[in-house]
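The values are calculated or read from the model by the stated rules, or taken from the named source; none is laboratory data. Here the structure is a predicted model, which means the values were calculated and not measured. Cβ placement follows ideal geometry from the backbone for every residue including glycine, while neighbour counts extend to all protein chains displayed. Each accessible area value is taken on the protein alone, full model and side chains, heavy atoms only, with ligands, DNA and RNA left out. Shrake-Rupley method; radii C 1.70, N 1.55, O 1.52, S 1.80 Å.
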Amino acid sequence: MSNITAKSALISVFHKDGLEPIVKKMSELGIAIYSTGGTEKFINDLGIPVIPVENVTSYPSILGGRVKTLHPKVFGGILNRRDHEGDVAQLAEYDIPQIDIVIVDLYPFEKTVASGAPEQDIIEKIDISEIPPM
C-alpha cells in the first residue's frame, strides 16, 4: 500500500454540522477545496479559500441547482487510477484536477416525506443516490 498525500477535496453537503473544523484543518494542510452552492458559501463565509466546481467544469450550475457536479471533469478527478500512466496522461490532456477526498451527504428525502411536506418540496429532496436499485 502506498502513502498518498491528499492535495484536494470535493465537499458538497446538505448538513453542515461539524464541517467547520474539517475544512479549517484541510486549509491548514494546504488541501485545495472544491465545492458548490450552499457548501461553497459556507466555506467562503469561514474565510477559507474554496474553488467553485464551475471553475473546474467551465459549466454553470443548471436546472435550479440540481446539476452541478455531474460532469466528466469531476468524476474523472475522483475515479482515475493514480498509478495508471494512461489515466494520468488523460487528466493532464483534459485539464482534470485530481480529487483525493470526497465529502458528501444526501438530501433528507425520507425525513421530508415523513414530515408531510408538499409534493414540490419532496421532489426537491430527491437525490440521484437515493433511487433504489431495480
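Here are a few things to note about the model shown:
- Index of the failed condition, residue 119 passing every other in (1) charged (D, E, K, R); (2) surrounded by 11 or more Cβ atoms within 10 Å (Cβ to Cβ); (3) farther than 17 Å from residue 39 by Cβ; (4) modelled with pLDDT under 75: (2)
- Pick from the stretch 43-77, criterion over 13 Å from residue 97 (Cβ atoms) and basic (Lys, Arg), ranking: surrounded by the fewest Cβ atoms within 10 Å (Cβ to Cβ): 66
To keep it simple, each residue is scored yes or no on (1) in contact with a Phe, Trp or Tyr (Cβ under 7 Å, 6 or more places away or on another chain); (2) in contact (Cβ under 8 Å) with a residue 40 or more places away in the chain.
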| residue | (1), (2) |
| --- | --- |
| 51 | yes, no |
| 56 | yes, yes |
| 64 | no, no |
| 69 | no, yes |
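- Taken over the stretch 83-96, the criterion of being open to solvent by 30 Å² or more (accessible area, probe 1.4 Å) and closer than 21 Å to residue 51 by Cα is satisfied by 92, 93, 94, 95, 96.
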